[in-house]
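Input: a single structure, listed below in C-alpha cells.
The values are calculated or read from the model by the stated rules, or taken from the named source; none is laboratory data. Since the structure is predicted, the reported quantities are computational estimates derived from the model, not experimental observations. So basically every Cβ, Gly included, is an ideal-geometry build from the backbone, and we count neighbours across all protein chains shown. We work out accessible area using only protein heavy atoms, side chains counted, and drop any ligands, DNA or RNA first. Shrake-Rupley method; radii C 1.70, N 1.55, O 1.52, S 1.80 Å.
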Amino acid sequence: MNTTTQLKEKISWLTNRVGFVDFYLTEVKKLEKRDTKFIICDIDDTLLSRDRLAIDEPLLKKNRAQAGNDVVINHFGIHDIIERFYVNQNAPQDIIDIMKWNEENLVLTAWVPEYAQMKAKAGNFDMFPLVVVYEGKEKILETIRYVLFELKYIPSEIIVYEDRPQYFVEYRDFLESILWCKITIMFVEMNGNDGYKKIEAI
C-alpha cells in the first residue's frame with residue numbers, strides 16, 4: 001500500500017490539486033464495502049469499431065482524437081457520421097452482455113459528450129450511465145469521483161475494458177490504494193464490428 005506522500009507524488013501528473021488525496025482517503029472511509037464487481041468500459045474500438053469510419057473517410061484517418069472529433073462536428077456533422085457508421089452496425093455484444101448484469105456499470109469515454117451520447121444510443125448501450133471526459137488521463141480521477149459520489153460504495157473489484165488502457169495500467173496501483181479494491185484491466189482489440197480479436201487481462 002502506498003503512503004499518502006507517494007500517492008500525492010503520483011497524482012501530481014493528473015492535477016496540481018494534490019490535496020485531493022487526503023480528501024479521497026477520508027471519503028472512502030465513509031463508504032460501505034460490497035463483495036461485487038463494477039465494470040468501466042470505453043466506447044471507441046472497445047464497444048464500437050472505428051475501422052470503417054477511418055477507411056471510408058480518409059480525412060478521419062488523418063485526424064484522430066480531438067482533431068477527429070472537430071472534423072466530425074464541423075465538416076461532416078454528428079448526425080451524418082452516426083447514421084452512416086454507427087446505426088445498425090450489429091456490433092459485437094460480448095462486453096455489453098457482461099455489463100448487463102448490473103446497470104450501475106459505467107461507460108467512461110473521452111472527447112465530446114454529444115458525440116458519445118449519440119454513439120451510446122446507436123449502439124444500444126444507453127441504459128448504462130455515461131461519463132465523458134476531455135482527455136484519456138482524466139479517466140483516472142473520474143473513476144474515483146464516480147465511485148465516491150455516484151456509486152457510493154466500494155466494490156471488491158473494478159474491471160476496466162479499454163483498447164488504450166495505458167493510463168489505467170500506469171495508475172492501477174494508485175487507484176487500488178485510494179479505493180481499497182482490486183483493479184483488473186482488460187485490453188480490448190476489435191475485429192471491426194465482426195467481433196473481438198482479443199479481450200485479455202493485462
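Here are the numbers for this structure:
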{"item": "Criterion: of a type in the set (D, E, K, R) and in contact with an Asp or Glu (Cβ under 6 Å, 6 or more places away or on another chain) - qualifying residue of Lys29, Lys33, Lys37, Lys8", "result": "Lys37"}
{"item": "Residues located in region 107-121, provided they are of a type in the set (D, E, K, R) and either surrounded by fewer than 15 Cβ atoms within 10 Å (Cβ to Cβ) or assigned to a loop (DSSP other than H, G, I, E, B) (or both)", "result": "Glu114, Lys121"}
{"item": "Selection status of Thr36, hydroxyl-bearing (Ser, Thr, Tyr), open to solvent by less than 20 Å² (accessible area, probe 1.4 Å) and outside any helix (DSSP H, G or I)", "result": "no"}
{"item": "Contacts under 7 angstrom Cβ, first residue in region 68-88 being farther than 21 Å from Gly192 by Cα, partner assigned to a helix (DSSP H, G or I) and among the aliphatic types (A, V, I, L, M), 6 or more apart", "result": "Val71/Leu59; Val71/Leu60; His75/Leu59"}
{"item": "Verdict on Asp163 being touching an Asp or Glu at 6+ places or on another chain (Cβ under 8 Å) and under 20 Å from Ala54 (Cβ atoms)", "result": "yes"}
{"item": "First in region 21-50 and free of Cβ contacts under 8 Å to residues at least 40 places away in the same chain, second anywhere and acidic (Asp, Glu), Cβ under 8 Å, 6 or more apart", "result": "Arg50/Asp44"}
{"item": "Some residue of region 65-85 being under 13 Å from the mean Cα position of the chain (by Cα) and open to solvent by 70 Å² or more (accessible area, probe 1.4 Å)", "result": "no"}
{"item": "The one condition in (1) surrounded by 14 or more Cβ atoms within 10 Å (Cβ to Cβ); (2) assigned to a loop (DSSP other than H, G, I, E, B); (3) at pLDDT 95 or above that Lys30 fails to fulfil", "result": "(1)"}
{"item": "Residue, nearest to the chain's Cα centre (by Cα), within region 127-168, restricted to residues that are among the basic types (Lys, Arg) and over 14 Å from Phe187 (Cβ atoms)", "result": "Lys139"}
{"item": "Count - residues of region 89-99 that are touching a residue at least 24 places away in the same chain (Cβ under 8 Å), within 13 Å of Cys41 (Cβ to Cβ) and open to solvent by 40 Å² or more (accessible area, probe 1.4 Å)", "result": "2"}
